[in-house]
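The values are calculated or read from the model by the stated rules, or taken from the named source; none is laboratory data. Note that the structure is a prediction, hence the values are computed from the model and not measured. Cβ coordinates were reconstructed from backbone atoms using ideal geometry, including for glycine residues, and neighbour counts include every protein chain displayed.
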Amino acid sequence: MAKIWAKAPSPCIDVCKFRDEGHCIGCLMTKPEKKRFKRLKGKAERRPFFEMLRDRLVAKDRYAYWSRMYRRRCAKKGAECPLDKLEGVEEQNQAA
């Protein structure tokens, strides 16, 4: 399971227009965050990054669009989508 996180593609969805206080309009990452993601290793570092990004996207009401485009990116690269793990945990927490 940890390999899902280690092999997760960048959250960038190739829009790359930096507006909104230096955040990309596609993925809401800043340029330094995009660079930092490349250096993150494994589940312990990448999962919290995805959680932070998910929370930011949800707050700006952009998660649905981004997650659809990110899933498409994962499929194109032949990688398992880590969002399945994030959303599965979220649904379990809401049911409890």
Residues of the range 3-35 that turn out to be aliphatic (A, V, I, L, M) and under 16 Å from CYS74 (Cα atoms), as a count:
5
Determine whether the range 60-68 contains at least one residue that is out of contact with any Leu (no Cβ under 9 Å at 6 or more places or on another chain) and surrounded by 13 or more Cβ atoms within 10 Å (Cβ to Cβ).
no
Quick test for you: out of LEU86, LEU53, pick the one residue that is under 18 Å from LYS7 (Cα atoms), assigned to a helix (DSSP H, G or I) and at pLDDT below 95.
LEU86
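Can you tell me how many residues in the range 14-50 are surrounded by fewer than 16 Cβ atoms within 10 Å (Cβ to Cβ) and either touching a strand residue (DSSP E or B) at 6+ places or on another chain (Cβ under 9 Å) or within 18 Å of ASP61 (Cα to Cα) (or both)?
Here the count works out to 11.
I'd like the full set of residues that are surrounded by 12 or more Cβ atoms within 10 Å (Cβ to Cβ) and touching a residue at least 40 places away in the same chain (Cβ under 8 Å), limited to the range 1-11. If you could, list the steps in order and put the result at the bottom.
Step one: filter the range 1-11 for residues surrounded by 12 or more Cβ atoms within 10 Å (Cβ to Cβ), giving 4-11.
Matches in the range 1-11: ILE4, TRP5, ALA6, LYS7, ALA8, PRO9, PRO11.
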